[in-house]
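Here the structure comes first, spelled out in structure tokens, and everything after it is commentary.
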Amino acid sequence: MPAPASAPAPTELNLRRGRRELEIRFTDGSSGTLSAEYLRVHSPSAEVTGHSPGEGVLVLGKQDVTIARIEPVGRYAVRLVFDDGHATGLYTWPILHDLNRNKEEKWRRYRERVAAAEKHAAEADDAG
């Protein structure tokens with residue numbers, strides 16, 4: 001479930017290029033470290049979320065992706081530009097707070113979806 005519109009804003013964003021991570025702190029005192037892969041596969045872009053509810057796309061093969069740069073968008077969001085060319089998602093403060101707050105659950109669900117997709121692909125190979 002997305003964070004409410006009144007979600008805390010980031011007070012600090014530190015890009016750790018060597019570790020491919022974004023360290024983030026919020027006005028409510030919460031903080032965390034989000035991997036570039038996690039941010040890329042959970043991009044709020046239409047490419048990943050789809051154009052309508054339930055239409056999301058499973059993004060694979062982003063283990064080595066890095067964040068090339070962070071671009072501010074007004075006082076409400078940042079655009080993360082990834083080295084794979086993806087740059088269409090706007091990470092609003094509520095989205096970033098939600099990604100940080102629910103990281104463990106979102107990452108677990110993502111890994112389960114990846115495992116299911118890999119199993120389905122293997123079964124298709126065996127059948128073909």
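The values are calculated or read from the model by the stated rules, or taken from the named source; none is laboratory data. It should be emphasised that the depicted structure is a prediction, and the values quoted were computed from it without experimental measurement. For neighbour counting, all protein chains shown are included, and Cβ atoms are generated from backbone atoms with ideal geometry for every residue, glycine included.
List of remarks:
- Which listed residue is within 18 Å of Ala7 (Cβ to Cβ), among the hydroxyl-bearing types (Ser, Thr, Tyr), in contact with a strand residue (DSSP E or B) (Cβ under 7 Å, 6 or more places away or on another chain) and modelled with pLDDT of 95 or more, from Ser31, Ser35: Ser31
- When residues of segment 81-92 are limited to those that are among the hydrophobic types (A, V, I, L, M, F, W, C), over 15 Å from Glu21 (Cβ atoms) and out of contact with any Phe, Trp or Tyr (no Cβ under 9 Å at 6 or more places or on another chain), the one surrounded by the fewest Cβ atoms within 10 Å (Cβ to Cβ): Ala87
- Residue match in segment 53-67 (condition: at pLDDT 95 or above, surrounded by 14 or more Cβ atoms within 10 Å (Cβ to Cβ), hydrophobic (A, V, I, L, M, F, W, C) and not in a loop (DSSP other than H, G, I, E, B)): yes
Residue-by-condition table, conditions (1) closer than 21 Å to Arg113 by Cβ; (2) in contact (Cβ under 8 Å) with a residue 12 or more places away in the chain:
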site	(1), (2)
Pro8	no, yes
Glu21	no, yes
Ser30	no, yes
Tyr38	yes, yes
Ala46	yes, yes
Ser52	yes, no
Tyr76	no, yes
Val81	no, yes
Leu90	no, yes
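- Summed over segment 4-20, residues that are surrounded by 12 or more Cβ atoms within 10 Å (Cβ to Cβ) and in contact with a helix residue (DSSP H, G or I) (Cβ under 7 Å, 6 or more places away or on another chain) total 5.
- Within segment 71-128, tally of residues that are within 11 Å of the chain's Cα centre (by Cα) and of a type in the set (D, E, K, R): 3
- Residue in segment 70-80 that is surrounded by 12 or more Cβ atoms within 10 Å (Cβ to Cβ) and at pLDDT below 95 present: no
- The single condition among (1) among the hydrophobic types (A, V, I, L, M, F, W, C); (2) within 25 Å of Ser6 (Cβ to Cβ); (3) at pLDDT 95 or above that Val41 does not meet is (2).
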